[in-house]
Amino acid sequence: MNKFIIKALSLIVLFIVVVMILIFAMPKDNNSYFSEYRCKIHLLESVAQPRVIIIGGSGVAFGTDSKRIKDSLNINVVNFGLHAGLGIRYPLEDCLEYIKKGDIVAIQMEYENYFSGGNGGPEAFLPFMISTGWRKTHNLNIYQWENIFGNYIPVVPESSV
């Protein structure tokens, strides 16, 4: 029995190691939609104050007219919207270090973020992390890590009694 347990655990560990190697060794796609995140970080670093920072998903990215806001308020605008599947927590925590006194921050959450705890979903997190070179992984919580690796770790379903 002990040999079986050791072999089973070895197989599970080997599986996890192979998946981790494949995921971390995967080359970045510099032409993906998620690679635009680096440009948004650059805007946070370089756009002069005073400024309005709008954080959200694709509704912000495609539905906000930054030029019109800038022209009407006479204030710089940083559109920090990308993809609702990332949740609101990751982009918000990532841009906190760039927010300065005098900045106006507008958070425009997508509907699904009210039900995911702001942690996003598994369909977007893994491609996003690969595309951004695993940026700020130290800020991820357990739910975000589950979004990254949850589809690759086998789960035993609960049996109904």
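Here are a few things to note about the model shown:
- Tally, over segment 95-113, of residues that are touching a helix residue (DSSP H, G or I) at 6+ places or on another chain (Cβ under 7 Å), of a type outside the set (A, V, I, L, M, F, W, C) and outside any loop (DSSP other than H, G, I, E, B): 4
- In segment 48-68, the residues that are crowded, with 17+ Cβ neighbours inside 10 Å and charged (D, E, K, R): 51
- Of the residues making up segment 82-94, just one is of a type in the set (A, V, I, L, M), outside any helix (DSSP H, G or I) and in contact (Cβ under 8 Å) with a residue 40 or more places away in the chain, namely 82.
- Against the test of being small (Gly, Ala, Ser) and modelled with pLDDT of 90 or more, the options 124, 106, 84 yield a single qualifying residue, 106.
- Just one of the numbered conditions (1) over 19 Å from residue 133 (Cα atoms); (2) not in a helix (DSSP H, G or I) is not true of residue 59: (2).
- Qualifying residue in segment 69-81 (condition: of a type in the set (Gly, Ala, Ser), open to solvent by 60 Å² or more (accessible area, probe 1.4 Å), out of contact with any helix residue (DSSP H, G or I) (no Cβ under 8 Å at 6 or more places or on another chain) and free of Cβ contacts under 8 Å to residues at least 60 places away in the same chain): yes
- Here residue 31 does not fit the description of being in contact with a helix residue (DSSP H, G or I) (Cβ under 8 Å, 6 or more places away or on another chain), closer than 27 Å to residue 145 by Cα and either among the acidic types (Asp, Glu) or without any contact (Cβ under 8 Å) to a residue 40 or more places away in the chain (or both).
- Residues satisfying the stated conditions in segment 85-108, i.e. under 21 Å from residue 142 (Cα atoms) and open to solvent by 30 Å² or more (accessible area, probe 1.4 Å): 89, 92, 93, 96
- Looking only at segment 127-157, and only at residues there that are open to solvent by 60 Å² or more (accessible area, probe 1.4 Å) and either modelled with pLDDT under 80 or among the small types (Gly, Ala, Ser) (or both), the one that is farthest from residue 21 (Cα to Cα): 157
The values are calculated or read from the model by the stated rules, or taken from the named source; none is laboratory data. Not measured: the values here are computed from a predicted model. A quick note on method: Cβ atoms are made from the backbone with ideal geometry, for glycine too, and the neighbour counts reach across all protein chains shown. Accessible surface is based on the protein model in full, side chains and every heavy atom, while ligands, DNA and RNA are left aside. Shrake-Rupley method; radii C 1.70, N 1.55, O 1.52, S 1.80 Å.
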